[in-house]
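A short worksheet on the structure shown next.
The values are calculated or read from the model by the stated rules, or taken from the named source; none is laboratory data. The structure presented is a predicted model; accordingly, all values stated were derived computationally and were not measured. Counting neighbours? That spans all protein chains shown, and the Cβs are built from the backbone with ideal geometry, glycine included.
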Amino acid sequence: MHPGPVLSSTFDLGTGDTLPTDFYGRAGNPTWRALESAIGDLDGGECVLFASGMAAIGAVLRLAARDGALVLPADGYYLARSLAHAELAPLGVAVREVPTAGPWPSPSLEGAALVLVETPSNPGLDVADIAAAADGAHAVGALLAVDNTTATPLGQRPLDLGADLVVASDTKALAGHSDVVLGHVSTRDAGLAAALREARSRGGAVPGPMEAWLAHRGLGTLDLRLERQARNAAAVTDALLAHPAVADVRWPGHPGDPAHAVAARQMRRWNGVLRFTLPSERAVGEFVAASRLVGSATSFGGLRSTADRRARWGDAVAPGLLRFSAGCEDPDDLVADVCRALDTTWTTHESHLRGTPVL
Ligand SMILES: *Cc1c(COP(=O)(O)O)cnc(C)c1O
């Protein structure tokens, strides 16, 4: 049975000198431990929960930064780069960027203490060869961390492929109901796990037990949700590839995707996150307005399909690029809705091009 959340900040210390397992809510509590044990089993390591994906990534970057250069994905989640450049580079840490697709190993790894890859990457949905990146990192004495957010622990086990650390935003598909901000790090190195727990306690920005409990409840249906989301993503990808308004479709699960071969080798299953490009920012607005099922929202992995125009956040991508998160809707409903919205967008776009008014 899944017990209810333990909300206590304060625990009975007893009468002796040895501290009980639970002594203060910032250091740990039974609700965190239950979720850490579940995610750790799935990742194949020891899990340390953090208050958000960025808190997890920040803890790993800060821990490794004292030992050498940081190598980050050039095209991954923007705040990891922003954290390194804004907070760590001014302290003298060398920060380098390598594209997700590699080549791995990369010449930029010399002198690195930590290599972070994100695969499949957000928002580009490119794929890094984890085993090759691990070989490259280990050859220069660096640790490899893999941001496993899009894949989830059911979709990919980076520790099995040679990574030293897994980081993830559990805000996305793992918790899965768009009501929790949470993250975690997993590792097989007990010393690293202990250092991360200490950093979490010292840093103090810890998750609430309620968040951990909701994410644990969500984890129970991750398998079911991923199955529907991947099925919807496959159907939407096919529809997008056939539509004249759409360019640049990427979903690693599609056999024609440039990253499919590497992804199929290292991933255990697909998920609902894909990307495509519409002709303009205006076309994106028209697409979202014309759709009844696709919400305009950032984040991904929730029950509802959503689309996010990434240029809005400063990602170096085309103005019409959308990261699309396929939800758990009925597949026929979703495809029909997306196609209808694309048709509307395309008709309007062509009329604009011809300079004729849209009736
Ligand atoms: C969302 C996201 C993050 C940040 O996670 P938060 O929980 O929002 O702090 C990190 N990496 C990737 C790949 C993400 O998609």
Residues of segment 34-58 satisfying the condition of being within 16 Å of the ligand (Cβ to nearest atom) and small (Gly, Ala, Ser): 51, 52, 53, 55, 56, 58
Restricting attention to segment 178-202, the residues that are away from the ligand (no atom under 14 Å from the Cβ) and not acidic (Asp, Glu) number exactly 15
Looking at the structure I just gave you, is residue 146 within 16 Å of the ligand (Cβ to nearest atom) and either among the aliphatic types (A, V, I, L, M) or more than 30 Å from residue 322 (Cβ to Cβ) (or both)? yes
Being at pLDDT 95 or above and either among the hydrophobic types (A, V, I, L, M, F, W, C) or touching a helix residue (DSSP H, G or I) at 6+ places or on another chain (Cβ under 6 Å) (or both) narrows 316, 336 down to just 336
Let me confirm something: among 31, 21, which residue is more than 16 Å from the ligand (Cβ to nearest atom), among the polar types (S, T, N, Q), more than 20 Å from the chain's Cα centre (by Cα) and under 17 Å from residue 198 (Cβ atoms)? 21
Which ones in segment 77-103 are surrounded by 22 or more Cβ atoms within 10 Å (Cβ to Cβ) and assigned to a loop (DSSP other than H, G, I, E, B)? 77, 100
Starting from segment 288-305, keep only residues that are more than 16 Å from the ligand (Cβ to nearest atom), then list their pairs with residues that are assigned to a helix (DSSP H, G or I) and among the charged types (D, E, K, R) whose Cβ atoms are within a distance under 8 Å, requiring at least 6 positions of separation or different chains. 290/340; 291/337; 291/340; 292/337; 293/333; 293/337; 294/337; 303/225
From 240, 274, 278, grab the single residue that is of a type in the set (A, V, I, L, M), within 16 Å of the ligand (Cβ to nearest atom), touching a residue at least 24 places away in the same chain (Cβ under 8 Å) and surrounded by 15 or more Cβ atoms within 10 Å (Cβ to Cβ). 274
Out of segment 31-46, which residues are hydrophobic (A, V, I, L, M, F, W, C) and in contact with a Leu (Cβ under 8 Å, 6 or more places away or on another chain)? 32, 35, 38, 39, 42
If you take the residues in segment 98-115 that are in contact with a Gly (Cβ under 8 Å, 6 or more places away or on another chain) and touching a residue at least 40 places away in the same chain (Cβ under 8 Å), which one is farthest from the ligand (Cβ to nearest atom)? 111
Considering (1) closer than 20 Å to residue 182 by Cα; (2) touching a residue at least 24 places away in the same chain (Cβ under 8 Å); (3) in the same structural domain as residue 175 (by TED's automatic domain parsing), say which one residue 3 fails and leave the rest. (3)
Can you pull out the residues in segment 104-122 that are surrounded by 22 or more Cβ atoms within 10 Å (Cβ to Cβ) and either of a type in the set (Gly, Ala, Ser) or outside the structural domain of residue 62 (by TED's automatic domain parsing) (or both)? 112, 121
Just one listed residue, out of 131, 137, 145, 113, is more than 13 Å from residue 71 (Cβ to Cβ), outside any loop (DSSP other than H, G, I, E, B) and hydrophobic (A, V, I, L, M, F, W, C), and it is 131
